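This report concerns only the one structure given below.
The values are calculated or read from the model by the stated rules, or taken from the named source; none is laboratory data. What you are looking at is a predicted structure, and each value in this text was computed from that prediction instead of being measured. Note that each Cβ is placed from the backbone with ideal geometry, even for glycine, and that neighbours are counted across all protein chains shown.
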Amino acid sequence: MPWLTIDDVLDDSQISKILIIAAHPDDVDFGAAGTIAGWTDAGLEVVYCIVTDGAAGGSDPSVSRSEMISVRQAEQVAAAKCVGVSDVRFLGYADGQLEPTLALRKDLTRVIRQVRPDRLVCQSPERNYERLPVSHPDHRAAGSASIDAVYPDARNPFAFPDLAGDEGLQAWTVREVWIAGALRPTHFVDVTDNFPRKVAALRAHESQTGHMTNLEDFLRAWLGRSAAMGGLPEGRLAEAFQVIESP
């Protein structure tokens with residue numbers, strides 16, 4: 001897949017549907033909630049696909065793992081509403097045990113063919129030695145399987161033939177992939193105006209962020225660095241992505 005420059009990114013007027021694939025509840029909000037708020041404000045349809053059940057999250061030992069699954073799903077639905085998203089899908093893979101298997105590729109291919117997005121946002125399949133949390137094994141597995149599902153699986157009519165034959169899901173070509181948490185970001189979205197909504201979305205994940213008294217300061221520093229990397233004026237905040245074109 002050729003690496004794109006900022007000028008090559010599709011204009012939002014050329015996009016109608018966007019699919020976000022993330023390993024855990026809250027990943028999408030850390031990585032892209034500000035950008036997503038801008039998309040939904042512009043009338044674009046955004047769908048979330050959360051791969052794992054989130055059972056390994058949280059820090060309260062009194063909460064059972066089965067209860068944590070329900071808690072985190074509810075938190076993700078609430079967080080999605082903060083940025084204008086109502087369609088949230090959960091695949092239910094075991095948290096902390098995700099691998100980029102053929103079965104996961106098939107499940108993601110199914111979702112891609114159901115949603116039929118023009119743009120897909122996923123996590124990076126690469127390990128970042130400077131920021132280990134961003135390259136959690138589940139993140140990398142979800143990112144790798146997402147990109148494989150985009151190419152070659154979802155667009156190939158002969159891949160997973162039962163999806164077409166039994167489920168009526170015909171091949172679909174995603175036009176563009178945005179990778180959040182990429183080692184080499186190429187595109188920076190100014191999210192300054194939507195920063196409060198990003199914070200609200202992350203605060204909705206109370207089981208994960210309730211203890212973070214410095215959440216807003218942390219986010220401002222992080223997004224400020226991204227804005228500076230992207231050449232935005234001082235004081236602006238940005239989310240960063242590597243954008244690739246589907247061949």
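Out of the range 130-160, which residues are in a loop (DSSP other than H, G, I, E, B) and under 17 Å from the mean Cα position of the chain (by Cα)?
Within the range 130-160, HIS136 is the sole residue that qualifies.
Looking across LEU98, LEU91, one residue alone is under 23 Å from TYR151 (Cβ atoms), within 16 Å of the chain's Cα centre (by Cα) and surrounded by fewer than 20 Cβ atoms within 10 Å (Cβ to Cβ). It is LEU91.
One residue stands out in the range 73-88 among those that are aliphatic (A, V, I, L, M) and in contact with a helix residue (DSSP H, G or I) (Cβ under 9 Å, 6 or more places away or on another chain): the one that is surrounded by the fewest Cβ atoms within 10 Å (Cβ to Cβ), namely ALA78.
If only residues of the range 84-143 that are touching a Leu at 6+ places or on another chain (Cβ under 8 Å) and basic (Lys, Arg) are counted, the one that is nearest to ARG197 (Cα to Cα) is ARG119. For beta carbons closer than 7 Å, sequence separation of 6+ or different chains, a first residue in the range 98-113 that is within 21 Å of GLY54 (Cβ to Cβ) and a second that is part of a loop (DSSP other than H, G, I, E, B), the qualifying pairs are LEU98/ALA23; ARG110/LEU169.
Within the range 57-72, the residues that satisfy the criterion of being surrounded by fewer than 13 Cβ atoms within 10 Å (Cβ to Cβ) and not polar (S, T, N, Q) are ASP60, PRO61.
Residue pairs whose Cβ atoms lie under 6 Å apart, sitting 6 or more positions apart in sequence or on different chains, and linking a residue in the range 213-233 that is closer than 13 Å to PRO185 by Cα to a partner that is modelled with pLDDT under 95, do not occur here.
Answer yes or no: is there a residue in the range 115-129 that is part of a helix (DSSP H, G or I) and modelled with pLDDT of 95 or more. Looking for residues that are part of a helix (DSSP H, G or I) and modelled with pLDDT of 95 or more, one finds at least one in the range 115-129, hence yes. When VAL134 is tested against (1) under 30 Å from LEU223 (Cβ atoms); (2) at pLDDT 95 or above; (3) crowded, with 20+ Cβ neighbours inside 10 Å, exactly one condition is not met: (2). Pairs only if they're at least six apart or on different chains, beta carbon under 8 angstrom, first in the range 118-132 and under 22 Å from LYS17 (Cβ atoms), second surrounded by 24 or more Cβ atoms within 10 Å (Cβ to Cβ) and of a type in the set (D, E, K, R); list them, first residue then second. Pairs that qualify, where the first residue is under 22 Å from LYS17 (Cβ atoms) and the partner is surrounded by 24 or more Cβ atoms within 10 Å (Cβ to Cβ) and of a type in the set (D, E, K, R), are GLN123/ASP27. In this structure, THR109 does satisfy being more than 20 Å from GLY181 (Cβ to Cβ) and surrounded by 21 or more Cβ atoms within 10 Å (Cβ to Cβ).
The lone criterion from (1) surrounded by 13 or more Cβ atoms within 10 Å (Cβ to Cβ); (2) in contact (Cβ under 8 Å) with a residue 40 or more places away in the chain; (3) in contact with a Ser or Thr (Cβ under 9 Å, 6 or more places away or on another chain) left unmet by LEU44 is number (2). Would you confirm whether or not the range 68-75 contains a residue that is touching a Phe, Trp or Tyr at 6+ places or on another chain (Cβ under 9 Å), without any contact (Cβ under 8 Å) to a residue 60 or more places away in the chain, assigned to a strand (DSSP E or B) and under 27 Å from PRO100 (Cα atoms)? The answer is no, given that none of the residues of the range 68-75 is touching a Phe, Trp or Tyr at 6+ places or on another chain (Cβ under 9 Å), without any contact (Cβ under 8 Å) to a residue 60 or more places away in the chain, assigned to a strand (DSSP E or B) and under 27 Å from PRO100 (Cα atoms). Does any residue of the range 171-187 turn out to be without any contact (Cβ under 8 Å) to a residue 60 or more places away in the chain, farther than 30 Å from SER59 by Cβ and either over 19 Å from the mean Cα position of the chain (by Cα) or surrounded by 15 or more Cβ atoms within 10 Å (Cβ to Cβ) (or both)? Yes, there is a match, as at least one residue in the range 171-187 is without any contact (Cβ under 8 Å) to a residue 60 or more places away in the chain, farther than 30 Å from SER59 by Cβ and either over 19 Å from the mean Cα position of the chain (by Cα) or surrounded by 15 or more Cβ atoms within 10 Å (Cβ to Cβ) (or both).
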